[in-house]
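Okay, structure first, notes after.
The values are calculated or read from the model by the stated rules, or taken from the named source; none is laboratory data. These numbers come from a predicted model, not from an experiment. Neighbour counts run over all protein chains shown; Cβ positions are idealised from the backbone, glycine included.
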Amino acid sequence: MTIDKSLVRLHFDKHAHEYEQYASVQMEMASRLTACAVEAMRTGTGGRRPVRRILEIGCGTGRLTSMLAAAFPEARFVCIDLSARMIAVAKQNLGRTRLDATGDERILFVAGDAERILLEGDRILAGAEEAEGGQQGRRFDLIVSNAAFQWFATPRETVKACLGLLHPAKGALAFSTFGPGTFRQLHASFAEAERLLGLAHAPHGQAFAGGDEWRDCFSGEPGTFQWSGNVVTEVSPDVRSFLHRVKRIGAGNAVAGGRRGMGGRKLLETMERIYAEMFAAPGGGGIEADYEIGYGTFVRTNGVAVL
């Protein structure tokens, strides 16, 4: 399946102003990812070197940026996001966090497709390289991304491009993403509704990669890759409320060629009935929806390559 990034951008632009009202899972992910990044840098540097340059892919509303700025007070940032409106919200949220001790900007924001920028060698990164002092200045001590890697069209190639920007001796990459069990209740309900209505199965949303697939993206690289995960279950009053939340966090159907409008009123109504029957929350308090969340960290070493 091909991700329609213009649709992804449209979703995030449209709902940037209200994103944080609905993105409790993403906020929880940002907190845990910060801890993963701190541990990765402690492992990679032995706690002896300060983190001076951070690249954030998919900065969104800037909440992870704020956490990282507090964890790494000496760092300067390049933050990329597909949505210019998300960046506008991030700038507002960050306030004076955007400034260093001398009052200069410590965060450079870039609106654009991070995957294209990384794969094609964008002039923004070239400009940062020149400003920071040549090729070594282009290297980042830490690359982070919260809930954005799942939008990559060519994940293996893009991961390799990221690793090419890491400091060769002390670099680390930490990311969080959604796993294949995300929205399992929704997918199961659609599949059953299609069966009952005699419809051919069609995708309803994106299929997410798992830990083994992400590990494969790092194979052959000199370093250590670790993967961990958990499942967060949210309860919504009903199916329509859940779908409303999903749209507000930009996680609607972004698969090019997918069924628009979830495949028609009859399918949607049948799916809702099945979902409510099969996946009611304990005690009758609504319906459940799972988010399978994965956290990957890669620490650059001179030792054995990732297998």
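The table below gives the values:
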quantity: Within segment 28-69, tally of residues that are within 30 Å of Asp290 (Cβ to Cβ), among the aliphatic types (A, V, I, L, M) and surrounded by 15 or more Cβ atoms within 10 Å (Cβ to Cβ); calculated: 10
quantity: Test: residue in segment 195-205 that is in the same structural domain as Phe242 (by TED's automatic domain parsing), part of a helix (DSSP H, G or I) and surrounded by 16 or more Cβ atoms within 10 Å (Cβ to Cβ); calculated: no
quantity: Residue list for segment 235-247, filter: under 22 Å from the mean Cα position of the chain (by Cα) and either of a type in the set (Ser, Thr, Tyr) or surrounded by 16 or more Cβ atoms within 10 Å (Cβ to Cβ) (or both); calculated: Phe242, Leu243, Arg245, Val246
quantity: Test: residue in segment 252-265 that is assigned to a loop (DSSP other than H, G, I, E, B), at pLDDT below 85 and of a type in the set (D, E, K, R); calculated: yes
quantity: Residue in segment 285-294 that is modelled with pLDDT under 95 and either in contact with a helix residue (DSSP H, G or I) (Cβ under 7 Å, 6 or more places away or on another chain) or not basic (Lys, Arg) (or both) present; calculated: yes
quantity: Counted residues, segment 166-188 - those being assigned to a helix (DSSP H, G or I) and not aliphatic (A, V, I, L, M); calculated: 3
quantity: Residue that is surrounded by the fewest Cβ atoms within 10 Å (Cβ to Cβ), among those in segment 281-307 that are within 28 Å of the chain's Cα centre (by Cα) and within 28 Å of Leu197 (Cα to Cα); calculated: Ala281
quantity: 2 or more residues closer than 18 Å to Cys162 by Cβ: qualifying helices (runs of 4 or more DSSP H) within segment 7-113; calculated: 24-45, 63-71
